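Working notes, beginning with the structure itself.
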Amino acid sequence: MANNPIDQFRITEIVPIEVGGLNLSFTNSALFMVVTTALVATFLILSTGGRGLVPSRWQSLAEMSYEFVANTLRSSAGNEGMRFFPLVFSLFMFVLFANLIGMFPYFFTVTSHIIVTFMLSLLVIGTVTVYGFAKHGTKFLHLFAPSGVPPIMYLLVTPIEVISFLSRPVSLSVRLFANMLAGHITLKVFAGFVVSLIAADGLGAIGPIMAILPLLMTIAITALEFLVSFLQAYVFTVLTCMYLNDALHPSH
Amino acid sequence: MSPDESGQESEKRALREAELSERKNRLVQSLEERSPEAQQRKGENSSGAGQGFAQAMKLSTEFVAGVVVGAGLGWLIDRGLGTSPWGLIIFLLLGFCAGVLNVLRSAGVVAEPHDRTRDGGS
């Protein structure tokens, strides 16, 4: 494998497909998305198959993930927010599994590509906008016109609020993508140091001994990356819940 | 076993139980005293490398997103209406404001645009 730390993000075509001049090939990114979805589905179907009153280990894992997402959703969007539970739970499981699968060596990290995370956050914002307008009609626009502001200030405040609203999907996707990208590059760079130090001529016996330092760093960063994988999935979920709350209650 | 002895025994047991419950109360109290402290310590710990990095990432993306979206919007308006460069200039500035607002909001300094019914913002 190449030493280039960016190489791990290269998209390769597995099954080239071209429809009407569009490149719709089945890539390694698509493959890992399918793997992620299949893994989530398998995990949930198998672990909830038993339905024991006293849950088995796998079942309690599935119940824990349900409780976790449900509590997050309830605490930020209220009980009405539970109608979005399927969406939020799917997003959380997809992002979490995609992040964790990316931690395996030689595996592709789906969430390290901004287009993937951007589409996920567009889905969230699209849901918020469509549902907000469907439920509240023009009242949804109160989101952009906070009460208690002198009328003349709306000229300035409303564009700012609109930009702030539109910047949500951008910041949501950039955050997830940047965390995964930066983490994996750091990991690869430090792991590369180990190899270069051992292989370096002229250092003699000192090289392999010095290689222990970046190796320790690699281990520490791996642990940190597992934490970041979970944390970013959680942050994505929490922000999704907060935006959905806006759709449910645009004005007090 | 004489009744006298058993009476002594039950008295002893009552004494032991009282002692036990007192000790339990003391434990609960000290646990309560310790829990916020422990939480605070935990918070300090996690506000080390990982958490600080996450916070920095969060705030910077909020700000950059505001500016980028503002500029993009201005550019689109210019393209559509042919008002170049005024749309870009004005919306870049508005985007800057929106970015600052985003940062302040996600840092919890400024309230959300409306009163949240459940959760006090981020």
For region A:7-248, how big is Rg over Rh, using alpha carbon atoms and the Kirkwood form of Rh?
1.07
Nonlocal amide H pairs with A:Phe26, under 5 Å, H built at 1.01 Å
A:Ile14, A:Val15, A:Ile17
For chain A, set up a Gaussian network in which alpha carbons nearer than 10 Å are linked by springs, and say which option among A:Ala41, A:Ala200, A:Ala223 fluctuates the most.
A:Ala200
Of all C-alpha pairs within region A:142-199, those more than 17 angstrom apart amount in percent to 62
log₁₀ I(q)/I(0) of region A:110-156 at q = 0.16, 0.17, 0.29 Å⁻¹, via Debye over equal Cα point scatterers, no solvent, to two decimals?
-0.63, -0.67, -0.96
Normalised by the number of residues in region A:7-248, what is the relative contact order in percent for Cα pairs under 8 Å and 6+ residues apart?
25
Given the -39500 (n - 2.57) contribution per DSSP H run of 4+ residues, what per-residue ellipticity at 222 nm results for chain A, rounded to the nearest 500 deg cm²/dmol?
-23500 deg cm²/dmol
In vacuo Debye sum over C-alpha of region A:42-97, base-10 log of normalised intensity I(q)/I(0) at q = 0.14, 0.17, 0.26 Å⁻¹, listed in q order, is -0.40, -0.58, -1.03
Determine the sum of side-chain charges near A:Phe85: Lys and Arg each +1, Asp and Glu each -1, restricted to other residues whose C-beta is under 15 angstrom from that of A:Phe85.
-1
Taking Cα centroids, how far is region A:159-222 from region B:58-85 in Å?
30
Pick out which of A:Phe94, A:Phe118, A:Phe226 has the largest mean-square fluctuation in a Gaussian network model of chain A, springs linking Cα atoms closer than 10 Å.
A:Phe226
Count the net charge of all other residues whose Cβ sits under 12 Å from the Cβ of B:Leu59, scoring Lys and Arg as +1 and Asp and Glu as -1.
+2
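Taken together, the values in this text are just the output of simple stated rules run on the coordinates, not laboratory data. Since the model is a prediction, treat every value here as computed from it, not as a measurement. Every residue, glycine among them, receives a Cβ derived from its backbone with ideal geometry; neighbour counts consider all protein chains shown.
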